[in-house]
Amino acid sequence: MARRFMTTERTPARKQVLFHLPLLAAVLIVPLLVGTLIYVNRMTSENQIIQNQQDRMLGIALSLIHSQLGDMSHTLYLLANDRLLRKALSEQPIDRDSAHEVFFSFNTAIDSLTQIRWLSPSGMEQVRVDLTDQGGVPTPEHRLQDKSQRYYFINGINTPPGEIYFSPLDLNVEWGEIVIPFEPTIRITLKTGEQNQMPPGLLVINYNLARLMEDLRQLNTNQVQLMIVNPNGYWTLHPDRDKEWGAQREQPGNTLARISPKFWNQLKTQEVMAGHSFYDGIVSSQVLHVQPLSKTINAYLLAMTPRALVQEMRLKAAGQAAAVALVLLVIGGIVLWREYRQQRTMMGLNAQLAEDKKALEQAGKRQKDLMSQQQLLQQDLVQASKLSSLGMMVAGVAHELNTPIGGAMLAVSRQQRDLEALQQGFDEGLSRSAFLTYLEDTRHGNHLLQLNLGRCAELVRSFKRLAVDRANEEIIEFSPRQVAEDLLISLEPELKQHSVVIEDQIEADLSLESYPGVLSQVLQNLLTNALDHGFEPSEPGRITLSTQAEPGQQRLAIIVEDNGRGISPDIRPRIFDPFVTSRRGRGNTGLGLNLVHQWVTQVLEGDIEVASPCKDGRGTRFTLWLPLAIERVDVT
């Protein structure tokens, strides 16, 4: 007995422990997950901010570089078309003094020029001026040099006429020594000759880009630092000046290709990179093409966030995540303790509620049975309604298709008899008049076939439009007045057959954000419906298109009103049902207003109202209530 009592006492306690195990796991796991999410979101946000800063710096740097390159190109074109220079170079011998004066004038107007030369087609310097901020120094004729083996002459002289050649950026070297302080220099060349009416040769301008490099260096911040790498992987701009110009300073180790081969390979294969990891930092890059239409890569622009800043961001994000996780852990512990105490109280009440629960389950079962029977009855009613609608649709389709199909069958039968008669006449001797009669009958029969089969195709298309297709329209902002005007122009051939006048009173300054094609089709159906049903062919009348704004609501009313005979009272309640028409024997299918109702309520998200008669016992008025702007609805 005692052993049984102890087992009974331990069982609820064991159940309590098992019950709280998932909650305990949640208290431990949820703070960890939330902390992880906070860390990831914070780092994602910080990385996006850094990437935006890097993209902005790369954009500014590219703008500065291309602006400088544009100025260089403009200067060279101006020099190549200078009338005084052309005259001086065309003299025999060359008027070097006049050429020097032209070169000096360009130095006073344009900064950063260090040298201007004109070389003969053989590569020999003919005129040369060395330029400084203080002025220019012409080079005597006996000190002019042969540059035929220099790379910039070879590439420049082989560049097509009219195109400028840009040399790679390197340090200026004089008499075999790098000029100190460094002068980053680029040489641009342009062939002279027939196009600019100058003697054949090569204009060469040296630009000192030290000022541009300093402007780019001024863009650096604590968060983002700008670097430039040439196509061989050497830095031409770096926050650490000692790493720049490694190739010319005989420092092969100061190259990106050796420091990080993997990153260098990625850089060479992508025009643009964003948010890549590099030495625990974050870097974005952009390829620089000196000539936009050329695929030649002249340099790589890199914007890098230092490793120390990235590590600081990670520590801050981890600290915030840990603080939130700790708070959640404390709150979860408190909740777990309170839940444990409440659970002990609830277990005492559960036994008392067991009886009530059993009774409620039995009552619920009976209620469920009753609900099931009610649902079965509702389903039967819905199915019966669907079958009734389907039967009406099938009857309408059969009735409409019967006449054109019968006409087509008669035409086919007549052609079959004519063919048999032709075969008999061919066997017995066919006369010319009989053959011509057969051709005329066949032509007439084919015409009847085309008319009847065309009517069948038109009916099938009308029935298919019962399912509204909204996927072919785009929501745009448009003028209802413009839609109405375009529609009236397209209906002019049909309007000429009637004596009815259509007045377009839609205000010109109204606009909707909706489906203009669907609205045009709705208005067309309403207008043709009024012409066909409201007036006799020669009866005069009037149809008015107007608008009315609903005060305080974001809706617009488009009204189509006529002064015709009106709608018959026996079909007015069913006017929007399919196959309802008062002129079935005259070719009408009864689908026009049904489609109008579907388009207005389902596609245009509006309402449609009909009133008949309107004035003096005559007329019909359709009112379309349409929202000023609707959202896209994907209905197929």
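The values are calculated or read from the model by the stated rules, or taken from the named source; none is laboratory data. The structure presented is a predicted model; accordingly, all values stated were derived computationally and were not measured. Positions of Cβ are backbone-derived with ideal geometry, glycine not excepted, and every protein chain shown enters the neighbour counts. What goes into the accessible areas is simple: the full protein's heavy atoms, side chains included, and nothing from ligands, DNA or RNA. Shrake-Rupley method; radii C 1.70, N 1.55, O 1.52, S 1.80 Å.
Considering only region 162-172, how many residues are open to solvent by less than 80 Å² (accessible area, probe 1.4 Å), over 20 Å from Met124 (Cβ atoms) and either assigned to a loop (DSSP other than H, G, I, E, B) or aliphatic (A, V, I, L, M) (or both)?
Qualifying residue count, region 162-172: 6.
Given the condition modelled with pLDDT under 90, within 14 Å of Val204 (Cα to Cα), of a type in the set (Ser, Thr, Tyr) and open to solvent by 50 Å² or more (accessible area, probe 1.4 Å), answer yes or no: does some residue in region 77-86 qualify?
Looking for residues that are modelled with pLDDT under 90, within 14 Å of Val204 (Cα to Cα), of a type in the set (Ser, Thr, Tyr) and open to solvent by 50 Å² or more (accessible area, probe 1.4 Å), one finds at least one in region 77-86, hence yes.
Would you say Gly348 is outside any strand (DSSP E or B) and surrounded by 12 or more Cβ atoms within 10 Å (Cβ to Cβ)?
no
Filter region 113-135 down to residues that are modelled with pLDDT under 90 and touching an Asp or Glu at 6+ places or on another chain (Cβ under 9 Å) and give me whichever is surrounded by the fewest Cβ atoms within 10 Å (Cβ to Cβ).
Among those that are modelled with pLDDT under 90 and touching an Asp or Glu at 6+ places or on another chain (Cβ under 9 Å), it is Asp133.
For Tyr152, state whether it is within 15 Å of Arg117 (Cβ to Cβ), touching a strand residue (DSSP E or B) at 6+ places or on another chain (Cβ under 6 Å), in contact (Cβ under 8 Å) with a residue 12 or more places away in the chain and not in a strand (DSSP E or B).
Considered against the rule, which asks whether it is within 15 Å of Arg117 (Cβ to Cβ), touching a strand residue (DSSP E or B) at 6+ places or on another chain (Cβ under 6 Å), in contact (Cβ under 8 Å) with a residue 12 or more places away in the chain and not in a strand (DSSP E or B), Tyr152 comes out as yes.
Cβ contacts < 6 Å: first residue farther than 14 Å from Thr236 by Cβ and of a type in the set (A, V, I, L, M, F, W, C), restricted to region 159-188; second residue modelled with pLDDT of 85 or more and in a loop (DSSP other than H, G, I, E, B), any location; separation 6+ or different chain. Result?
The qualifying pairs are Ile188/Ile164.
Give the residues of region 488-517 that are open to solvent by less than 80 Å² (accessible area, probe 1.4 Å), modelled with pLDDT under 80 and within 39 Å of the chain's Cα centre (by Cα), sorted by residue number.
Correct list: Ser490, Leu491.
What is the one condition in (1) more than 30 Å from Ala308 (Cβ to Cβ); (2) crowded, with 20+ Cβ neighbours inside 10 Å; (3) at pLDDT 90 or above that Pro200 does not satisfy?
Checking Pro200 against (1) more than 30 Å from Ala308 (Cβ to Cβ); (2) crowded, with 20+ Cβ neighbours inside 10 Å; (3) at pLDDT 90 or above, the one that fails is (2).
Which members of region 549-579 meet the condition of being under 39 Å from the mean Cα position of the chain (by Cα) and touching a residue at least 40 places away in the same chain (Cβ under 8 Å)?
Glu550, Gln554, Arg555, Leu556, Ala557, Ile558, Ile559, Val560
In the list Val468, Val483, which residue meets the criterion of being at pLDDT 80 or above, surrounded by 14 or more Cβ atoms within 10 Å (Cβ to Cβ) and not hydroxyl-bearing (Ser, Thr, Tyr)?
Val483
Could you tell me how many of the residues in region 535-593 are surrounded by fewer than 20 Cβ atoms within 10 Å (Cβ to Cβ), at pLDDT 85 or above and out of contact with any Ser or Thr (no Cβ under 9 Å at 6 or more places or on another chain)?
Adding up the residues that qualify gives 5.
If you go through region 213-233 one residue at a time, do you hit one that is open to solvent by 60 Å² or more (accessible area, probe 1.4 Å), of a type in the set (D, E, K, R) and not in a strand (DSSP E or B)?
Yes, region 213-233 has at least one match.
Is there a residue in region 524-543 that is under 34 Å from the mean Cα position of the chain (by Cα) and under 21 Å from Thr601 (Cβ atoms)?
The answer is yes, given that some residue of region 524-543 is under 34 Å from the mean Cα position of the chain (by Cα) and under 21 Å from Thr601 (Cβ atoms).
Taking region 83-117, which residues are among the aromatic types (Phe, Trp, Tyr) and assigned to a strand (DSSP E or B)?
Residues satisfying the conditions do not exist here.
Looking only at region 313-329, decide whether some residue is outside any strand (DSSP E or B), within 50 Å of the chain's Cα centre (by Cα), closer than 30 Å to Phe166 by Cα and among the charged types (D, E, K, R).
Within region 313-329 (the criterion being outside any strand (DSSP E or B), within 50 Å of the chain's Cα centre (by Cα), closer than 30 Å to Phe166 by Cα and among the charged types (D, E, K, R)), the answer is no, since none of the residues qualifies.
Anything in region 246-277 that is of a type in the set (Ser, Thr, Tyr) and more than 18 Å from Ala299 (Cα to Cα)? List them, or say none.
Matches in region 246-277: Ser277 only.
Could you check how many residues of region 285-312 are assigned to a helix (DSSP H, G or I) and of a type in the set (Lys, Arg)?
Residues meeting the conditions: 1.
Would you mind stating whether Asp369 is open to solvent by 70 Å² or more (accessible area, probe 1.4 Å) and either within 30 Å of Asn452 (Cα to Cα) or modelled with pLDDT of 80 or more (or both)?
Taking the combined requirement at face value, the residue satisfies it.
Residue pairs, Cβ under 8 Å, 6 or more apart or interchain, first in region 409-437 and of a type outside the set (Asp, Glu), second not in a helix (DSSP H, G or I). List them.
Between residues of region 409-437 that are of a type outside the set (Asp, Glu) and residues that are not in a helix (DSSP H, G or I), the close pairs are Leu422/Leu430; Gly425/Ser431.
Looking for whichever is out of contact with any Ser or Thr (no Cβ under 8 Å at 6 or more places or on another chain), crowded, with 18+ Cβ neighbours inside 10 Å and basic (Lys, Arg) here; the options are Lys262, Lys243, Lys268. Which one fits?
Answer to the selection: Lys243.
Could you go through region 191-212 and let me know if any residue there is free of Cβ contacts under 8 Å to residues at least 60 places away in the same chain and in a strand (DSSP E or B).
yes
Do we have Gln602 as open to solvent by 40 Å² or more (accessible area, probe 1.4 Å), in contact with a helix residue (DSSP H, G or I) (Cβ under 9 Å, 6 or more places away or on another chain), touching a residue at least 12 places away in the same chain (Cβ under 8 Å) and within 30 Å of Ile476 (Cα to Cα) here?
Taking the combined requirement at face value, the residue does not satisfy it.
Against the condition within 22 Å of Gln68 (Cα to Cα), crowded, with 20+ Cβ neighbours inside 10 Å and in contact with a Lys or Arg (Cβ under 7 Å, 6 or more places away or on another chain), how does Arg187 come out, does it pass?
So Arg187 does not fit the description; no.
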